[in-house]
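Colleague: I'd like to ask you about the structure that follows.
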Amino acid sequence: MQPTSLVRLAPRLAPPAARRPLAASRLGSRALARSLGLALGLGLALAALAACHDELAPDQEPAHPERPAQLAAPRCVAHQGLTHCALGAATLTPSRDGASLWVGGLGDAQRDGVAILLPEVTRFAQTGDVLGPAGSSLLARSMSDGVATSSLVAQSRRGVVELSATFTGASAPLDYQARLYHLGARVGTLQLGQGASLPIVDPNEGEDFDADGDSDFHIDPAGACIWGVALRGRAAVRLPDGRTVKVDRVELAEQVSVRGSYPYLTFDRIDYLSSMGAFTLRAETTR
Amino acid sequence: MSCAVSPLLAIDDLRDLRDLRGLSRRPSRAARALHVALALTLGLAACSEHRASRPTQSTTPEPGARERRAASQAVPAAGSRNAYGHALANLPLERWPEVRAGKALFSTSWVPRGHGDRERAERGPASLVREGLGPRFNATSCHGCHFKDGRGQPPRDPLRPARDRGQDEPTGAAPVLLRLGLIGPGGELLPEPTYGGQLQDRALRGLRPEGVLAWNLRLVVGQFADGTPFVLRAPVPRVDAPARGPLHPETRLSLRQPPSLIGLGLLEAVPAQALEALADPQDADGDGISGRVHWVRDPDTGLRVPGRFGWKASQPSLRLQNATALREDLGVTTSVFPDPPCAPGDADCLAVDAASGPELTDLELLQLTRYTRLLMPPAPRSGPLAELARGEAAFTALGCARCHHPRLRTGAGADLPELDEQELEPYSDLLLHDMGPQLADDRPDGDASGREWRTAPLWGLGLLHVVSGEVRLLHDGRAHSAQEAILWHGGEAQAARDAFLRASGADRAALLTFLDSL
C-alpha cells in the first residue's frame, strides 16, 4: 500500500545500516579473558530491569523495549551458522577455524554483550565460558517477537555464584523451580520466589571458586521456559535443610500456572550481556 | 494543556468546519507550506494530548479501586507488550494445551503450495509453516495483522537484515484492508463485479496483485470551546494500478483496520436478550440514542441472531469471523468457505490449482477459534484516584456511557465454562449506531447502513500503544488518540461530542486519563 499523504498513517522503520568491519579488541588474548574468568564468583546483573523483564511502566518503556543501545550500525558476524551481533560496547572476534567467538569490551551487564539471532526454535544451547569472576555479572535473555520471554542472571561474589531467573509468561509474578542434577540424577528441587536466587558454592567451601559452565534455554512442550547451566569444576548447592549437594547441572524452570498465562511457543533470539570484560562462545546448537 | 494557535489555522467556530479536500501526490508549494504548518501544529496537539492522557500507573491495584473485576480477568504486567495475549485467568490447567494449539495456528505463516519445506528450512526447526496461501491475499498469517493479538504488524528487528521475501516482511506500516461494494437496486450490498468484496493487494508469484491500495488525507480543523485548536485527518482511499481494469465508478470503498482480539469469547457469550434490552431503535426514551441489534442469519444454524463481530457487527460468531478472515485475508479455505477468494472472471486466480480439500481442517478451525475465545481482556489499571473518578464521571455526564455501556454479563451454559456468568467491563453495547456523515463509508453491510457502526469496546484501550506500537482507532485507523476518536463522533453521538468540545480542559484531560486506564 502506498499512502500518498501529508502525514503517513504509520512511520516506516529505517532499514538497518550497512555492516561495518569488526574492530579487534585491545583486551587481547583468550588467556587474559580466561584469567579473569578464574577469579572468584560472578557479579549479578540486575535482571529485573528493562533488559530482561517487560514489566515496565509505560512511561519508562522506550518505543522498542528490547532494542539494545547503539544500533545505528549493527556489527554482526557469523558463528556456528548463526548471526551474532555486538551489543553496546562489545566487540566480536571469530577464531580463524570458526570454532569460537571471542566477545570483548564487556563492561556493563545491561548493555554490553552479544545478540544471537535465531530462526524460530524451541531450544538453544551453547558451550563457552560466560560465567565470570567475582564482581562480574551475566545476563542472558531469550526473546520472541521483540519481547523478552525469560532471563537468567548470574552474579558472582567471593565464594559464591548466585543464579536467578525471571519469566514473563505469567500475568503476575510466580515462583519458579530450581532443579539440581549430579551425574545425570536429580539431587534436589527448590522453590524460588521471584527475585530469589540459587547460590552455587564450592563444596569444599573454598573462596577461590571457579564456577564456569555452559548454558541452554528451551521451551518445553507444556510451554514452560527453562534455563540450564552445566557447571564445570567443583560446584554445590546448600539445601534448606542444611545439606550441601554436589551439582554439575542446574535448571531454573518456569511453572506454568495457566491463569492469565501467555503461551510462548518459540523464541528467535538469545542475548548474553556481561560485565566480565570478555567471554568466549564455542559450540552452539538449536532445535 | 493547550497549544499555541498557529496563525495559519485561522480557527473558526466548530459549526463552520473547514474541509480541506483533495491533497494530491504533488502538492503545490503553498500547499506544502501549509502542510508543514499543519503538521507542526498537529505534532504539538498530539504531544499535549499524549501528556494529558497518560496517567501515572502502578503495578499494584490501590485498595478499593476497580473492585468489579471478573474471575476471568487478572491484572497483566503493567506496560507489557503481551498484555492482549494472556489466556483467561479462570482457565483450568487441562485446557492449556488447547490454548497453545490455537496459538500455534494463529502464529502459523502460510506459504504457497510446494514451498513448505524450503520455508521451514529457512525459518527454523520450530517454525510454524503451512502451505495453502492465496492465490490472492492481504497477509500471510493472523499474526501478521494481529501482532500480539492487537492490531499491528510484527516489528522489524533492526539487527536482522531485511529478507527479500516479497510476502511476509513487515513493512512498519499499519495493516489495513479495503472493502469494496456496490449498492444494488434494493439497497443491498453487492460485490464489485471485477474485484469482489475486498481488494486483495498481494498475490502468488505469477499473478498480479489486484491493485495498490493508496489514499489521500482529508483534513478537518476545529477548536474546542476554550479555543484550543485541533486538526483531524481522515484517509480517502483509492486503488492504483487495478490489475483487471478500473473499478466500477460507483464502487464504495471502505478502509478497515484489524480489531484487537481481547475478550471476544466473553462478548460472544453475552445473551441476545441482554443486547436487546440495551437497544432502543426508535429512541423511545428520547435521549437521541437509537442503538439497534444488527440481526444476521447464522449460516451454521439458520437462525436469526445478533451480529457481534466486525466493524458493522456483521458476523454472528467468532467461528464465522475467523473463517471469513482466513479466506478473504489469507486465501486459506475451510469447510465453511471451501473456495478461494477469486472474483468471478478472475481467470488467473481460478486457474491456480486448488487444494483437494479445505486447507484448514474443522478441528483446526475449532482450535483457532477456541484460542480467540479464550483471550483475556486486560483489567483496568489504577492511577490517581481523584483524576480517574473525575474522568469516569465525565464519561457518564457527557453521554459516552449511553453507547459505550460499561458493564455486560455473560450467560450461563456456554460450551466453555470459563465464559459462564462473567461480569464484564467492555464499555460497549455491541449495537449499531448512526455515527454521522464524517465517519460514514456509505457502504452498507447486511442490515447496517453506510453510517452505522458497532460500538467499539474500549477495554484495553490504554494498552493499545504498548501492544501495537501506536494508537489507531475507528474503522480506518484515522484517529491516533482517544481524543481524536471522540472528535470524529457524530450522528447519535453528536451531542456527546459537542459536550466534549464544551467541557473544560481539566474535564477533558480527566476523561482521557480514565480512558487510558481501561
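The values are calculated or read from the model by the stated rules, or taken from the named source; none is laboratory data. Remember, predicted model here, so these are calculated numbers, not experimental data. Quick reminder, even Gly has a Cβ in these numbers, built from the backbone with ideal geometry, and neighbours come from all protein chains shown.
Colleague: Give the stretch B:117-130 a look and list any residue that's more than 7 Å from chain A (Cβ to nearest Cβ) and surrounded by fewer than 16 Cβ atoms within 10 Å (Cβ to Cβ), or say none.
Modeller: Matches in the stretch B:117-130: B:ASP117, B:ARG118, B:ALA121, B:GLU122.
Colleague: Could you tell me how many of the residues in the stretch B:151-180 are more than 12 Å from chain A (Cβ to nearest Cβ) and either crowded, with 24+ Cβ neighbours inside 10 Å or modelled with pLDDT of 75 or more (or both)?
Modeller: Total meeting the criteria: 2.
Colleague: Can you go through B:ALA495, B:ALA456 and tell me which one is surrounded by fewer than 22 Cβ atoms within 10 Å (Cβ to Cβ) and part of a loop (DSSP other than H, G, I, E, B)?
Modeller: None of the others qualify; the one that does is B:ALA456.
Colleague: Further, regarding this structure: Return yes when B:GLU49 is out of contact with any strand residue (DSSP E or B) (no Cβ under 7 Å at 6 or more places or on another chain), more than 9 Å from chain A (Cβ to nearest Cβ) and at pLDDT below 90 and no when it is not.
Modeller: Values: out of contact with any strand residue (DSSP E or B) (no Cβ under 7 Å at 6 or more places or on another chain): yes; more than 9 Å from chain A (Cβ to nearest Cβ): yes; at pLDDT below 90: yes.
Here the answer is yes, as B:GLU49 does meet what is asked.
Colleague: Separate question: Return the only residue of B:VAL221, B:VAL296, B:VAL239 being surrounded by 19 or more Cβ atoms within 10 Å (Cβ to Cβ), away from chain A (no Cβ under 14 Å) and either of a type outside the set (Gly, Ala, Ser) or not in a strand (DSSP E or B) (or both).
Modeller: It is B:VAL296.
Residues are listed down the side, and each one gets a yes or a no for (1) crowded, with 20+ Cβ neighbours inside 10 Å; (2) at pLDDT below 90; (3) within 30 Å of B:ALA414 (Cβ to Cβ):
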residue: B:THR334; (1), (2), (3): yes, no, yes
residue: B:PHE337; (1), (2), (3): no, no, yes
residue: B:PRO344; (1), (2), (3): no, yes, no
residue: B:SER356; (1), (2), (3): no, yes, no
residue: B:GLN367; (1), (2), (3): yes, no, yes
residue: B:THR372; (1), (2), (3): yes, no, yes
residue: B:LEU375; (1), (2), (3): yes, no, yes
residue: B:ALA379; (1), (2), (3): yes, yes, yes
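Colleague: Go through (1) more than 30 Å from B:HIS143 (Cα to Cα); (2) within 12 Å of chain B (Cβ to nearest Cβ); (3) at pLDDT 95 or above for A:ASP271 and report which single condition fails.
Modeller: (1)
Colleague: Related question: Select from the stretch A:118-127 the residues that are of a type outside the set (Val, Ile, Thr) and surrounded by 20 or more Cβ atoms within 10 Å (Cβ to Cβ) and write down the one among them that is farthest from the other protein chains (Cβ to nearest Cβ). Write out each step before concluding.
Modeller: Pass one, the stretch A:118-127, residues of a type outside the set (Val, Ile, Thr): A:118-120, A:123-126.
With surrounded by 20 or more Cβ atoms within 10 Å (Cβ to Cβ) added as a condition, the list becomes A:118, A:120, A:124, A:126.
Values: A:LEU118: 7, A:GLU120: 4, A:PHE124: 11, A:GLN126: 16 Å.
In this case the residue turns out to be A:GLN126.
Colleague: So, in the stretch B:381-406, exactly how many residues are among the basic types (Lys, Arg) and at pLDDT 95 or above? I'd like the intermediate steps shown before the answer.
Modeller: Within the stretch B:381-406, the subset among the basic types (Lys, Arg) is B:381, B:390, B:402.
Restricting the remaining residues to those that are at pLDDT 95 or above gives B:390, B:402.
Matching residues across the stretch B:381-406 total 2.
Colleague: Please go through the stretch A:246-266 and pick out each residue that is under 21 Å from A:SER197 (Cβ atoms) and either free of Cβ contacts under 8 Å to residues at least 12 places away in the same chain or in contact with a His (Cβ under 6 Å, 6 or more places away or on another chain) (or both).
Modeller: Listed by number, the residues that qualify are A:LYS246, A:VAL247, A:ASP248.
Colleague: May I ask you to list the residues in the stretch B:393-406 that are crowded, with 20+ Cβ neighbours inside 10 Å and within 15 Å of B:SER517 (Cβ to Cβ)?
Modeller: If the condition is that a residue be crowded, with 20+ Cβ neighbours inside 10 Å and within 15 Å of B:SER517 (Cβ to Cβ), then B:ALA394, B:PHE395, B:CYS400, B:HIS404 are the ones that fit.
Colleague: Hey, among the residues in the stretch A:160-172 that are within 13 Å of another protein chain (Cβ to nearest Cβ) and not in a loop (DSSP other than H, G, I, E, B), which one's farthest from the chain's Cα centre (by Cα)?
Modeller: So the first thing to find is which residues in the stretch A:160-172 are within 13 Å of another protein chain (Cβ to nearest Cβ), and the list is A:166-172.
Filter again for not in a loop (DSSP other than H, G, I, E, B), leaving A:166-167.
Working: A:THR166: 11, A:PHE167: 13 Å.
Across the stretch A:160-172, the extreme among qualifying residues is A:PHE167.
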